[in-house]
1. If amide H atoms are built 1.01 Å from N in the plane of the peptide, which residues on other chains or at least 5 residues away come under 5 Å of the amide H of ARG50?
2. With Cβ to Cβ distances under 10 Å as the rule, what net charge do the other residues near ARG50 carry (K, R +1; D, E -1)?
3. Find the Cα radius of gyration of region 17-142, compare it with 2.2 N^0.38 Å by division, and give the number to two decimals.
4. Compute the distance in nm between two label points, each set 7 Å from the Cα along the Cα-to-Cβ direction, one at SER4 and one at GLU108.
5. Nearest 20 debye, what's the magnitude of the dipole of region 1-116 about its Cα centre given +1 on Lys and Arg Cβ and -1 on Asp and Glu Cβ?
6. Which value in nm describes the separation of the simple spin-label points at ARG192 and ARG48, placed 7 Å from the Cα toward the beta carbon?
7. Fewest to most neighbouring Cβ within 10 Å: what's the order for ARG50, ARG192, ARG88?
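Just so it is clear, none of the values below were taken in a lab; they were calculated from the coordinates. Everything quoted here is computed from the prediction, not taken from an experiment. Cβ: placed from backbone, ideal geometry, glycine included. Neighbour counts: every protein chain shown.
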Amino acid sequence: MTESAIHAGLKAAYEDIAYVGRPNHHSHPDRLAAIASLFGHAAPDPARARILEVGCGDAANILPLAAQLPDARVVGCDYSALLMGRARTRTAALGLVNVELVEGDLREIGPSLGAFDYVIAHGFYSWVPADVRDAFIAMLGRQLAPGGLAFISYNVLPGCFVRRIGWDAIRMNIPADASPTERLDITRREFRDLLVFLASDADQGFDTAVEEVLSLHDGFSIGGRKDCCHSRAIGCSKALAVVAESEIRCADSPIVRDIQQVGFRLRRDRPEPYITAGTDSELLAIV
């Protein structure tokens, strides 16, 4: 499959079955600034910051930020025309004047977005093709303002192998030629069957795998879309290396992983100090 076909197919998948957004308090600039302060970094004032979320979807995460921080400039970008349309409708209904929504391919629109004090990438890095990931990291190197913070969540190994068990259990009964609606209906049925199975089985390993899938608020769309081939889980040390190759300072400057679950600082002499059973991790990078 060609690169252009991959991108076209991915965009169509999100148009067929829209991603359901919700606020993500872990990415709030107040939280990021507080974490940075624990490592001696004076982050930009969130109340007047320039905030960007890439892959913002229907803007469910950034609209509450904009309402709470009226003096901040909040920008959201996404590749989906459907989700951007919903985001514009919500922004207008709320009367928010400090929000800018940009529809387009990050590889093309990135340089035009400007500089930012906070960049949020939640549910993005592990779900886009490699060239988009590269474009995103390059954009951070260019456009994250001095002293700025970047929040990057990603699917982390080895924990994400557990989630894959649940995904595969749901998707194995979905025909390859099923329409998006049919895929969604089958996924819902598989969810119900798995719940019945869990109620009658004490296998904790499988129980954990299915709970991981059920914890995904867009779990139905996981089965309804065919884009899971683009999902990419990586180890923490690999994520560190990717960021380190850009102009963003890392390691001792600090990058924080799983601060909410574990709480530790990565050190150069021990790049992978903890192997978590969790399926998601976070990087907080400071320029």
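1. Hits under the 5 Å cutoff: ARG73, ASP117, TYR118.
2. Residues close to ARG50 contribute a combined charge of +1.
3. Working: Rg = 14.1 Å, N = 126, 2.2 N^0.38 = 13.8 Å.
Expressed relative to 2.2 N^0.38 Å, the Cα Rg reads 1.02.
4. Modelled inter-label distance: 1.1 nm.
5. Using Cβ point charges on Lys, Arg, Asp and Glu, region 1-116 gives about 300 debye.
6. Output for this residue pair reads 5.6 nm.
7. Taking fewest neighbouring Cβ atoms as first place, the list is ARG192, ARG88, ARG50.
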